Amino acid sequence: MSEVKWNDRFNIGVEIVDRAHRKLFSIVGKLLNLTEDAEKQKHACQEGIKYFKSYTIKHFAEEEAYMRKIGYQGYEIHKSLHDNLQNQTLPALEEEMEAQDYSAESIQHFLGICVGWLNVHIMIEDCAITGKTPHKWVHKPAEDELVSLEKAVIQTFHDLFKLEAALVSAHYSGEDFASGKALCFRMSYRKADGQYTQAVLVYEEQMVIKLISELLGKRVNRVDKTIAEAMKLISGKFMECMETHFSLKDSYKLEKVNILSFEQLVRSFEFEKQFPPYSLLFRTEKNDYFALCVK
């Protein structure tokens, strides 16, 4: 990610909202330029990120007030997306940066996820306010369902890898969070009556390298076909441990596991049409990221 520029296609036609969006893009662009100077990086980024957070909160309040004023029917889901970014995603990313003393990698994670979030949110959810697009977060899971799923993923991850994980976002929308390549493994299930469901695990490539190196007891330098196949089996095992939480064990049968590119994942899960009902982004204690999507 080398440059962030405003594009008029992001305009939704509401001046107070469009003005705020232009400002947010400007802040992210300045933060991106700061990472080029290592000596000034830490303090400048700390101050820049504080400003980004405070301005985001101000913008969300203004945008939510506008939605209430016009009686926007998608207000509840839209506000939950704002709350998720403000109360979960940004604090988690800030915690990572502080833990890594504002390393280039942690700042890259922050900026990458913020840019991805802004692009998707503005082009889909904000444009839906004025009727330009339909909003994609159609299904809003019950809070207890999300909490149960979050706990199940964290527990399963710990059981398999002996690592802690924490939720970064309960509304992962298909943005590319990987600092390098992402590896995606899709599990396809079918009922006897033909009903079909899919679950996909998405990992940063660096995370796969670390996990397999730990399992083998020696350093793996790259993800080749053998490593990918090993992670494919591990992902299947992960979902096997998760089956009771998805109510899959008694009614669904695992048909196949596929390795996908990130682009294939976005297409196969049809992120361009509607986001999956369960779509969670996690960060491990080693500051690697992975996602779980179910539809």
Among all residue pairs at least 6 apart or on different chains, which show Cβ distances below 8 Å where the first residue, located in region 149-165, is among the β-branched types (V, I, T) and the second is part of a helix (DSSP H, G or I)?
V153/M242; T156/F238; T156/C241; T156/M242
Quick one: which residue in K53, K69 is farther than 27 Å from E204 by Cβ and part of a helix (DSSP H, G or I)?
K69
Identify the single condition in (1) surrounded by 14 or more Cβ atoms within 10 Å (Cβ to Cβ); (2) at pLDDT 90 or above that A65 does not satisfy, given that it satisfies every other one.
(1)
Between a first residue in region 46-64 that is over 18 Å from A92 (Cβ atoms) and without any contact (Cβ under 8 Å) to a residue 12 or more places away in the chain and a second residue that is open to solvent by less than 60 Å² (accessible area, probe 1.4 Å) and part of a helix (DSSP H, G or I), which pairs have beta carbons less than 7 Å apart while being 6 or more apart in sequence or on different chains?
none
Under 9 Å by Cβ, and 6 or more places apart or on different chains, what pairs join a residue from region 98-109 that is closer than 13 Å to I49 by Cα and in contact (Cβ under 8 Å) with a residue 12 or more places away in the chain with one that is in a helix (DSSP H, G or I) and among the basic types (K, R)?
Y102/K42
Quick one: is T130 open to solvent by 40 Å² or more (accessible area, probe 1.4 Å), β-branched (V, I, T) and modelled with pLDDT of 85 or more?
yes
Looking at A165, A170, A152 in this structure, which one is touching a His at 6+ places or on another chain (Cβ under 6 Å), at pLDDT 80 or above and either under 23 Å from N287 (Cα atoms) or among the hydroxyl-bearing types (S, T, Y) (or both)?
A152
The listed residue being under 19 Å from F10 (Cβ atoms) and either open to solvent by 20 Å² or more (accessible area, probe 1.4 Å) or of a type outside the set (D, E) (or both), out of I122, I107, I57:
I122
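The values are calculated or read from the model by the stated rules, or taken from the named source; none is laboratory data. Just so we're clear, the structure is a prediction, and the values are computed from it rather than from any experiment. Neighbour counts run over all protein chains shown; Cβ positions are idealised from the backbone, glycine included. Note: accessible area is taken over every heavy atom of the protein model, side chains too, but ligands, DNA and RNA are not part of it. Shrake-Rupley method; radii C 1.70, N 1.55, O 1.52, S 1.80 Å.
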